[in-house]
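A short write-up of the structure that comes next.
The values are calculated or read from the model by the stated rules, or taken from the named source; none is laboratory data. Just so we're clear, the structure is a prediction, and the values are computed from it rather than from any experiment. Cβ coordinates were reconstructed from backbone atoms using ideal geometry, including for glycine residues, and neighbour counts include every protein chain displayed. Please note that ligands, DNA and RNA were not included when accessible areas were found on the heavy atoms of the full protein model with its side chains. Shrake-Rupley method; radii C 1.70, N 1.55, O 1.52, S 1.80 Å.
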Amino acid sequence: MKLVTYQQSGGAMRAGAFIEGDTKIVDLAHAHENAFGEENPAFSSVLSIIEGGSGALDRAYETLKKAGSGSAIERAAVKLHAPIQPPPQMRDCLCFELHLKQSFAAARQIRANATPDPEAALAEMERTGALQVPQTFYEQPIYYKANRFSVIGTDEDVTWPRYSKLMDFELEFGFYIGKKAVDISKDKARDHIYGYTIFNDFSARDAQTKEMGGQLGPCKGKDFDNGNAMGPCLVTADEIPDPYNLTMICRVNGEEWGRGNTSSMYWKFEDLIAHISQSETLHPGEFFGSGTVGNGCGLESMRFLEHGDVVELEVEGIGILRNRVLTAL
């Protein structure tokens with residue numbers, strides 16, 4: 001099922017499901033009441049559906065069967081939010097080695113270009129090993145806690161922070177935790193994935209390059225309003241039996257800037273869950289990003305966004321996440 005959070009003009013956020021090739025939405029709460037003559041509290045939000053477990057999802061499938069398309073809402077007539085906005089928690093991880101290699105090479109060039117003698121600065125960074133893929137990446141999954149309050153949905157604008165000149169996007173996908181648990185073993189981890197969505201981790205590259213020397217992870221390079229775009233829907237895990245063979249494509253103004261495949265992940269989602277859940281309880285609705293797929297951002301090819309650019313991220317089996325970037329007035 002493709003679950004969505006939508007809003008009609010002047011209304012509240014509501015939980016629904018895509019039908020008819022993602023062109024229409026069935027309001028699950030309304031459809032359930034019409035089909036069964038009673039309210040279902042689980043359908044008050046997508047997060048509530050996740051918290052309701054397999055029983056709530058089964059009931060959602062039954063509801064869709066009875067509802068049909070007669071009372072469905074046209075997708076074009078509503079605003080789509082992120083599937084869970086905001087999520088209870090979100091982490092962005094580093095799963096793709098190629099992206100790291102290419103991005104660190106570009107970051108060294110950016111830092112060198114900001115010095116009086118870029119060639120000498122670049123040579124010095126090469127000599128000292130500055131801005132290289134850390135050995136830790138190969139030893140354990142790496143992640144940071146992202147700003148859940150900056151989450152937005154598809155077709156929303158992203159206003160670039162005033163302190164940055166290098167605007168970039170990141171082609172990612174990710175998953176939502178389905179049930180509360182701690183110390184999850186790798187062989188049981190897949191059972192805790194509820195579903196998947198697309199994630200665009202917009203990044204202020206100049207700010208990020210400066211602050212990464214502090215070794216505390218990204219700060220203002222990532223943290224700004226509307227910087228975390230997610231959607232257009234949450235595809236439940238039963239719809240994607242193999243998340244490790246999905247084509248990922250990024251386009252800017254209709255032009256393809258890069259593509260990759262989830263088969264190139266160095267760390268799988270099961271690795272993330274097993275590592276992060278050590279002595280730390282995970283809760284329904286928490287989001288884990290994959291990190292950027294190789295060739296999935298402008299930085300890797302030294303191309304950056306401009307005012308008015310429209311970024312489209314497409315992941316096979318999920319859909320297209322679309323956002324326009326605007327510079328601050």
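Here are some notes:
- Positive-pole candidate from Gln215, Thr281, Gly296, dipole of segment 194-329, charges at beta carbon: Gln215
- The chain, accessible surface, carbon-and-sulfur percent (1.4 angstrom probe): 48
- Result for the chain in a Gaussian network model with C-alpha springs under 10 Å: among Ala189, Ala229, Ala120, the largest mean-square fluctuation is at Ala120.
- For segment 65-111 versus segment 268-298, the inter-centroid distance based on Cα atoms is 13 Å.
- Only helical runs count toward this figure. For the chain, summing -39,500 (n - 2.57) over DSSP H runs of n ≥ 4 and dividing by all residues gives -7000 deg cm²/dmol at 222 nm.
- Glu38 versus Gln89: modelled label distance in nm, points set 7 Å from Cα along the beta carbon direction: 3.4
- Restricting segment 211-264 to chymotrypsin sites (Phe, Trp or Tyr not before Pro) that sit in a DSSP loop and have at most 14 other Cβ atoms within 10 Å of their own Cβ leaves Tyr244.
- Residue among His99, His275, His81 with the largest mean-square fluctuation in a Gaussian network model of the chain, springs linking Cα atoms under 10 Å: His275
- The alpha carbon centroids of segment 190-248 and segment 1-44 are separated by 26 Å.
- Along the chain, the longest continuous region that contains none of the GluC sites (Glu not before Pro) in a DSSP loop with at most 13 other C-beta atoms within 10 Å is 40-279.
- With a cut-off of 11 Å between beta carbons, the residues surrounding Glu51 carry a summed charge of +2, where Lys and Arg count +1 and Asp and Glu -1.
- Accessible-area value, Arg190, 1.4 Å probe, nucleic acids and ligands omitted, Å²: 90
- In the context of the full set of protein chains, residues of the chain present 43 Å² of accessible surface per residue (probe radius 1.4 Å, heavy atoms only).
- Among residues other than Ala82 with Cβ under 15 Å from its Cβ, the summed charge is -3 (Lys and Arg +1, Asp and Glu -1).
- Entry for semi-axes √(5λ) of the Cα gyration tensor in Å (calculated from the structure that is shown) out of [x] 48, 20, 16; [y] 36, 22, 16; [z] 33, 24, 17: [y]
- Between Glu20 and Ile320, the distance separating the two model label sites (each 7 Å from Cα on the Cα→Cβ line) works out to 1.9 nm.
- When each of Lys65/Lys179; Lys101/Lys220; Lys66/Lys179; Lys101/Lys210; Lys165/Lys222 is checked by Cα-Cα distance, pairs over 20 Å: Lys65/Lys179; Lys101/Lys220; Lys66/Lys179
- Among Val78, Val151, Ala29 the positive-end extreme of the charge dipole of segment 23-176 (Cβ point charges): Val151
- Formal net charge of residues neighbouring Gly217 (Cβ-Cβ distance under 9 Å; K, R +1; D, E -1): +1
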